[in-house]
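Presented below is the structure to which this report refers.
The values are calculated or read from the model by the stated rules, or taken from the named source; none is laboratory data. The structure presented is a predicted model; accordingly, all values stated were derived computationally and were not measured. All Cβ positions, even for glycine, are placed from backbone atoms using ideal geometry, and neighbour counts span all protein chains on display.
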Amino acid sequence: MIVARTLAELRAARAAVSGTVGLVPTMGALHDGHRTLLDHARADNDAVVATIFVNPAQFGPNEDFSAYPRTVEADLATFERAGVDIAFTPLTAEVYPPGFQTTVEVEHVSQGLEGGRRPGHFKGVATVVAKLFNMAQPTTAYFGQKDAQQVVVIRRMAADLNFPTDIAVIPTQREADGLALSSRNRYLTPAECAAAPVIYRALTAAGEMYAAGERHPDALRATMQAVLASEPLGRVDYVSLADPVTLRELDTPTDAPMLASLTVQIGQPRLLDNALFPLHLNTRAGLTQTLGKT
């Protein structure tokens, strides 16, 4: 595995590989969810580029960029075991050199949900992903379902700016109790860990109602809210049922796919999760077709 720390090193290594290239962008602190992305990229492509970059542009003023976990050496070992060909671990000045003043902003799909609570977050995400697409020139880029709005934003950006890169969406990896894997989970106490699966239970309850024939968004939202209310350690931020392409909130019944997403604060972290309804769409093929592929 080649470890590139500068753009020049990345481009030299990228020029030496041929065929299809999969890109797995990460901010490090890898868990099994990231490893699944790496496995898909390795199975699909002739070469794999994986990145570790804690992107300051996507952190808001009340979010502690300096506290984000950094485990670079362990992450590089994970990359190597997964068969990554090129690991890119740039310094901030390499990505945002002196005088940098260009950003990418995807307007409508970045405004609600997380975008409404973290102003500027998705501008930072879109900017760094656009740069990584230009730097690595991937055939396909791999993202996790758990950050569904991020995937929708990146899909829109890639389509609008004509990047020749497909967006593959890999299903959320979970603990046995349903809790979505996340770097944030390390901040949960044992009691909070026991409480956190209520998030998945809320999604599942609404998904089962959908399977039984319920189509009214208000009824499905109410079911998720009721399940979440049963857990006293959880503080609900939002519960959403939206169009999975536009992210507009749904207010009338429809047989078209729905994106159920919610964020709940349990202890220190805000925990995000989501599911497509009908539930059978929560496969790589269903997710990629609905949320990702450009």
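Remarks
The rows are residues; the columns are (1) in contact with a Phe, Trp or Tyr (Cβ under 7 Å, 6 or more places away or on another chain); (2) among the polar types (S, T, N, Q); (3) within 30 Å of L247 (Cα to Cα); (4) in a loop (DSSP other than H, G, I, E, B).
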{"residue": "H40", "(1), (2), (3), (4)": "yes, no, yes, no"}
{"residue": "A43", "(1), (2), (3), (4)": "no, no, no, no"}
{"residue": "G60", "(1), (2), (3), (4)": "no, no, yes, yes"}
{"residue": "A74", "(1), (2), (3), (4)": "no, no, no, no"}
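- Residues within region 167-178 that are out of contact with any His (no Cβ under 6 Å at 6 or more places or on another chain) and in contact (Cβ under 8 Å) with a residue 40 or more places away in the chain, tallied: 6
- On the stretch given as region 125-150, residues that are surrounded by fewer than 21 Cβ atoms within 10 Å (Cβ to Cβ), of a type outside the set (V, I, T) and in a loop (DSSP other than H, G, I, E, B) total 1.
- Failed criterion for T92 (all others in (1) in contact with a strand residue (DSSP E or B) (Cβ under 6 Å, 6 or more places away or on another chain); (2) over 19 Å from R184 (Cβ atoms) hold): (1)
Okay, residues lined up against (1) over 15 Å from G33 (Cα atoms); (2) touching a helix residue (DSSP H, G or I) at 6+ places or on another chain (Cβ under 6 Å); (3) touching a residue at least 40 places away in the same chain (Cβ under 8 Å):
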{"residue": "T140", "(1), (2), (3)": "yes, no, yes"}
{"residue": "A159", "(1), (2), (3)": "yes, no, yes"}
{"residue": "N162", "(1), (2), (3)": "yes, no, no"}
{"residue": "T165", "(1), (2), (3)": "yes, yes, yes"}
{"residue": "P190", "(1), (2), (3)": "yes, no, no"}
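- Region 64-95 - residue that is charged (D, E, K, R) and under 26 Å from H40 (Cα atoms) and, of those, surrounded by the fewest Cβ atoms within 10 Å (Cβ to Cβ): E73
- Top-ranked residue in region 204-232 [being touching a residue at least 60 places away in the same chain (Cβ under 8 Å) and of a type in the set (A, V, I, L, M); ranked as nearest to A256 (Cα to Cα)]: A211
- Those residues of region 82-124 which are farther than 21 Å from V72 by Cβ and part of a helix (DSSP H, G or I), in sequence order: H108, V109, S110, L113, E114, G115, G116, R117, H121, F122, K123
- Test: residue in region 56-63 that is within 25 Å of T103 (Cβ to Cβ), assigned by TED's automatic domain parsing to the domain that holds A126, free of Cβ contacts under 8 Å to residues at least 24 places away in the same chain and surrounded by fewer than 19 Cβ atoms within 10 Å (Cβ to Cβ): yes
- Checked against the criterion of being surrounded by fewer than 21 Cβ atoms within 10 Å (Cβ to Cβ), touching a strand residue (DSSP E or B) at 6+ places or on another chain (Cβ under 9 Å) and in contact (Cβ under 8 Å) with a residue 24 or more places away in the chain, the candidates R186, R235, R201, R155 yield just one match: R235.
- Only a single item in (1) surrounded by fewer than 18 Cβ atoms within 10 Å (Cβ to Cβ); (2) touching a helix residue (DSSP H, G or I) at 6+ places or on another chain (Cβ under 9 Å) is not met by A285, and it is number (2).
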